[in-house]
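Asks: Let me give you the structure first, and then I'll get to my questions.
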Amino acid sequence: MDFKLTDGQQRLREEVRGFCLEHRTPEVYEETFWNHGWGPASREFFKKAGARGWLTPTWPKQYGGLESTHVDQLIIADEMSYHGLRAGMVGAGMAGPTILRFGNEEQKQEYLPRIARGEIEFALGYTEPQAGSDLAALDIRAVEDGDEYVINGMKTFNTHCHFSDYHWLGARTDPEAPKHRGVSLFIVDLKSPGITIRPLWTLAGWRTNEVYYDNVRVPKNNLVGARGRGFQQIAVALDFERMYPIGPLTRLLDELIAYAKQATSRGKALVGDPIVRHQLAEVAADLEVCRLFVFRLAWMLDQGQALGHESAMAKVFQTEVEHKLTHTAMKIMGPFGQLARGSKWAPLHGEVEYHHRWQVVETIYGGTSEIMRNIIAQRGLGLPKGA
Ligand SMILES: Cc1cc2nc3c(=O)[nH]c(=O)nc-3n(C[C@H](O)[C@H](O)[C@H](O)COP(=O)(O)OP(=O)(O)OC[C@H]3O[C@@H](n4cnc5c(N)ncnc54)[C@H](O)[C@@H]3O)c2cc1C
């Protein structure tokens with residue numbers, strides 16, 4: 001067991017860091033960090049990263065990858081997210097790996113190289129008002145009509161739809177089948193006639209969406225994998241979604257430590273206060289556990305193992321540590337921590353206040369903390385399904 005990065009991995013981290021420092025302009029930061037999305041500047045940034053193979057390092061070279069390891073992939077994502085570049089990546093992180101595993105050759109040729117080059121992005125289209133935690137209850141209908149499917153219904157909380165190119169859509173193709181077997185996965189061009197996208201604003205202040213389908217026609221070849229097996233394919237993709245890099249947390253802790261070193265309270269340095277020191281030490285220890293969790297997930301993938309309850313453990317622990325970290329930051333900064341971006345007195349340009357609101361939604365999307373604990377109880381501990 002070796003927990004240390006190799007020299008090559010350390011060099012990769014430094015290379016990515018240098019790249020981010022050079023190419024992450026204020027415009028890119030605005031789009032990806034503050035707006036949690038992609039815009040013209042970040043599209044250019046991700047194309048440059050894609051040209052190095054850094055968006056999809058584990059993929060086969062024929063589809064634009066580097067045939068590298070998942071640990072390398074995590075190092076790249078971790079370093080980028082440290083610099084506020086954590087938006088999107090549904091194509092590279094979730095849709096792409098699912099196409100690679102379940103898609104046909106035509107789909108692989110059509111989408112994978114463009115994802116790898118950073119030219120296109122996908123938005124996740126799973127949740128509906130009655131189907132969130134219970135995803136198999138989704139009801140949007142896809143009905144076969146000649147060479148096409150005709151899709152009608154609505155989705156909610158579909159983040160990224162307003163700037164993405166494709167919808168990664170779960171739709172019901174077989175209403176008579178048991179609910180876990182009647183769902184199929186589709187790739188839908190978000191510019192298709194009949195799609196309406198409306199904004200929903202999150203507590204964090206960035207946008208997610210409601211998406212309405214009104215007789216949207218989708219070619220049959222856009223169905224990914226076997227018809228009726230979409231739910232199982234979504235479950236595989238969700239395990240990938242739950243492997244979050246810890247860069248944003250590491251950076252917040254680094255900034256908090258730097259703040260505590262220079263700030264004073266009643267004429268005394270904050271870092272001299274035993275309570276502040278213990279609070280910082282406690283979240284630093286928690287963060288180290290997060291790091292081990294997420295690197296273990298990457299290592300498991302490199303060993304060819306499937307991610308099961310381990311990704312649920314990592315997700316619930318990390319998002320709850322994020323809550324603790326932002327809460328700690330708020331306590332250390334006192335009332336100043338509540339000041340938002342734009343106030344001249346806001347410490348760290350208001351990032352703590354923003355992060356404090358953001359972390360709440362992280363315990364919900366990708367599966368809530370309660371659902372993560374259910375997965376750990378059932379799949380990890382072998383307990384029977386709860387009432
Ligand atoms: C900001 C944001 C962005 C999102 N982005 C996307 C996206 O891009 N694409 C997408 O498809 N979805 C997205 N989602 C949806 C997200 O995945 C769902 O909100 C989440 O799965 C919870 O579903 P729900 O909101 O319907 O809540 P519900 O499932 O109705 O849950 C309500 C509460 O009941 C609890 N609960 C439910 N079932 C159980 C159970 N069996 N045992 C114990 N407790 C339970 C939940 O933990 C929760 O506290 C996003 C959500 C948010 C908030």
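Asks: Which one of the conditions (1) more than 16 Å from the ligand (Cβ to nearest atom); (2) free of Cβ contacts under 8 Å to residues at least 40 places away in the same chain does Asp147 fail to meet, given that it meets all the rest?
Replies: Result: Asp147 fails condition (2) only.
Asks: Considering Gly337, Gly386, which residue is outside the structural domain of Leu252 (by TED's automatic domain parsing), on the phi < 0 side of the Ramachandran plot and either surrounded by fewer than 18 Cβ atoms within 10 Å (Cβ to Cβ) or more than 10 Å from the ligand (Cβ to nearest atom) (or both)?
Replies: Among Gly337, Gly386, only Gly386 is outside the structural domain of Leu252 (by TED's automatic domain parsing), on the phi < 0 side of the Ramachandran plot and either surrounded by fewer than 18 Cβ atoms within 10 Å (Cβ to Cβ) or more than 10 Å from the ligand (Cβ to nearest atom) (or both).
Asks: Still on this structure: I need every pair where a residue in the range 69-86 that is on the phi > 0 side of the Ramachandran plot has its Cβ under 9 Å from the Cβ of a residue that is of a type in the set (Phe, Trp, Tyr) and assigned to a helix (DSSP H, G or I), sequence separation at least 6 or different chains.
Replies: From the range 69-86, the pairs are Gly84/Tyr29; Gly84/Phe33; Gly84/Trp34.
Asks: Which of the residues belonging to the range 339-361 are part of a helix (DSSP H, G or I) and either β-branched (Val, Ile, Thr) or touching an Asp or Glu at 6+ places or on another chain (Cβ under 6 Å) (or both)?
Replies: Of everything in the range 339-361, those that are part of a helix (DSSP H, G or I) and either β-branched (Val, Ile, Thr) or touching an Asp or Glu at 6+ places or on another chain (Cβ under 6 Å) (or both) turn out to be Leu348, Val352, Gln359, Val360, Val361.
Asks: In this structure, is Gly205 over 27 Å from Glu119 (Cα atoms), within 15 Å of the ligand (Cβ to nearest atom) and under 26 Å from the mean Cα position of the chain (by Cα)?
Replies: Here the answer is no, as Gly205 does not meet what is asked.
Asks: A further question on this structure: Of everything in the range 100-125 that's surrounded by 22 or more Cβ atoms within 10 Å (Cβ to Cβ) and closer than 23 Å to Tyr213 by Cα, which residue is farthest from the ligand (Cβ to nearest atom)?
Replies: Applying the filter and picking the extreme gives Tyr111.
Asks: Do any helices (runs of 4 or more DSSP H) lying entirely in the range 215-313 carry at least 1 residues that are more than 30 Å from Met333 (Cα to Cα), and which ones are they?
Replies: 230-241, 274-302
Asks: It is to be established whether one or more residues within the range 358-376 are of a type outside the set (A, V, I, L, M, F, W, C) and touching a Pro at 6+ places or on another chain (Cβ under 8 Å).
Replies: No, the range 358-376 contains no residue that is of a type outside the set (A, V, I, L, M, F, W, C) and touching a Pro at 6+ places or on another chain (Cβ under 8 Å).
Asks: Criterion first (within 20 Å of Met243 (Cα to Cα), without any contact (Cβ under 8 Å) to a residue 60 or more places away in the chain and out of contact with any Phe, Trp or Tyr (no Cβ under 8 Å at 6 or more places or on another chain)) does Ser42 satisfy it?
Replies: no
Asks: Quick check, is Thr56 closer than 27 Å to Leu203 by Cβ and of a type outside the set (A, V, I, L, M)?
Replies: no
Asks: Here's a follow-up. In a helix (DSSP H, G or I) and touching a helix residue (DSSP H, G or I) at 6+ places or on another chain (Cβ under 8 Å): does that describe Ile115?
Replies: In short, yes.
Asks: Of all residues in the range 154-182 being part of a loop (DSSP other than H, G, I, E, B) and of a type in the set (Lys, Arg), which is nearest to the ligand (Cβ to nearest atom)?
Replies: Out of the qualifying residues, it is Lys179.
Asks: Can Glu31 be described as under 19 Å from His349 (Cα atoms) and crowded, with 23+ Cβ neighbours inside 10 Å?
Replies: In short, yes.
Asks: Across the range 133-144, which residue is surrounded by the fewest Cβ atoms within 10 Å (Cβ to Cβ) among those that are in contact (Cβ under 8 Å) with a residue 60 or more places away in the chain and more than 13 Å from the ligand (Cβ to nearest atom)?
Replies: My answer is Glu144.
Asks: Can you go through Thr250, Thr196, Thr264 and tell me which one is away from the ligand (no atom under 16 Å from the Cβ) and modelled with pLDDT under 95?
Replies: The match here is Thr264.
The values are calculated or read from the model by the stated rules, or taken from the named source; none is laboratory data. Keep in mind the model is a prediction, meaning the values are calculated, not measured. Glycine also receives a Cβ, built like all others from the backbone with ideal geometry; neighbour counts cover every protein chain displayed.
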